[in-house]
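Encoded as structure tokens, the structure appears first; notes follow it.
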Amino acid sequence: MRTPTPRRLWNYLTRRLRLKRYLQSPGDGRRQPQIPAQALLWAMLVGQILREYSFHAVEALVRSSARRHLCLRVSFGDDALGYFTERLDPAPMRAALAAILRQAKRNKAFDDCRWIGLAVDGTGAGRRRRRGCPLCRPIRNAAQEVVGYRHHFTLISVVGTGLSLPFDVEPYGPGDSEYRAGQRLLARVRQNLGARFISYVVVDGEFATAPFLHAAGKAGWPVVARLKENLPELLRAAEKRFRSQPPE
Ligand SMILES: [Zn+2]
């Protein structure tokens, strides 16, 4: 069996997944780049696979003797990664991920799956002590004191395919909400993937509000929502109706 190598990963991404153009032009927003965007992006991708996630760890990788084997020609510091990612436009990555999904569908990767859907849920990242940007949302303790900040996102994944495939996130800052971010996400995904890619959207009970259901309806997708305490009457009625039946 052939062992996986960075070179084979590169070939897989560029030939099979057709990501060459994205890897070359990932939405670089730097004015006068010295280090090619492709080198920085590739170093971060390799870092993800080697579980060396931090910029500091990626810097150690590209400065080590392993660099040659990682298909990296240039060396750089963690500050270069910070400067690059802060100015990176997310649109090309979103488009590239949607293109992979469409390609997978064309290649019949989902043909055995009867119900392909989208799952929408909240997630977070980047906890810090002090507020660092307009998207930082305060974390409060039981006494409502601010104990730190964190970034929050609504995440969307293709589900029902045997493997959950997350492919887009929408951030929401203070004054915004997970549900409003979810609506923006649905509108974008419909544009990037097309309405006929999936047949339903699955969400947690809190998403089952009129504006979100309306946004899904506008996209042409029925919503499967988990019934919870936020709709007490409906929950009681459903429990009463289905209590005596085994699930099908
Ligand atoms: Zn922030």
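Since every read-out is calculated from the coordinates, none of them should be taken as a lab result. Model, not experiment: these values are computed from the prediction. FYI the Cβ positions are ideal-geometry reconstructions off the backbone, even for glycines, and counts take in every protein chain you see.
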What helix-only [θ] at 222 nm does the chain give? Using -39500 (n - 2.57) per DSSP H run of at least 4, over all residues, to the nearest 500, the answer is -11500 deg cm²/dmol
Partner lysines whose C-alpha sits under 25 Å from that of Lys105, ignoring same-chain residues fewer than 8 away, are Lys20, Lys218
For Val158, Val189, Val202, Val147, ascending order of other Cβ atoms within 10 Å (fewest first) is Val147, Val202, Val158, Val189
Among trypsin sites (Lys or Arg not before Pro) in the range 51-136, those in a DSSP loop whose Cβ has at most 16 other Cβ atoms within 10 Å are Arg51, Arg73, Arg87, Lys108, Arg114, Arg129, Arg130, Arg131
In the range 172-247, the GluC sites (Glu not before Pro) that sit in a DSSP loop and have at most 15 other Cβ atoms within 10 Å of their own Cβ are Glu229
extent check for the chain: Cα max minus min per principal axis, descending, whole Å, gives 66, 51, 33
Proxy exposure order for Leu227, Leu163, Leu19 (fewest C-beta within 10 Å first) is Leu163, Leu227, Leu19
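Do me a favour and compute the ellipsoid semi-axes for the range 93-191 from its Cα gyration tensor, root of five times each eigenvalue, largest one first, whole Å.
Sorted largest first and rounded, they come to 33, 13, 11 Å.
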Here the relative contact order (percent) of the chain, from C-alpha pairs under 8 Å and at least 6 apart, is 13 percent
When the chain is treated as a Gaussian network with springs between alpha carbons less than 10 Å apart, the largest mean-square fluctuation among Gly175, Gly194, Gly122 is found at Gly175
Row for the range 6-86, column shape: gyration tensor on C-alpha, a ≥ b ≥ c, rounded if a/c < 1.5 i.e. under 1.5, prolate if a/b over b/c, else oblate; value oblate
At the level of C-alpha centres, the distance separating the range 219-243 and the range 2-77, in angstrom, is 46 Å
In whole angstrom, the spacing between the Cα centers of the range 83-126 and the range 163-199 equals 10 Å
Checked the range 3-149 with the C-alpha gyration tensor, a ≥ b ≥ c its square-rooted eigenvalues, rounded below a/c of 1.5, otherwise prolate if a/b is larger than b/c and oblate if not; verdict oblate
Expressed as a whole-number percentage, the relative contact order of the range 111-242 with C-alpha contacts under 8 angstrom and at least six residues apart is 23 percent
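Please get the size of the charge dipole for the range 111-242, origin at its Cα centre, with Cβ charges of +1 on Lys and Arg and -1 on Asp and Glu, quoted in debye to the nearest 20.
Its charge dipole is roughly 440 debye.
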antiparallel share of DSSP beta bridges within the chain, to nearest 5, in %, is 75 percent
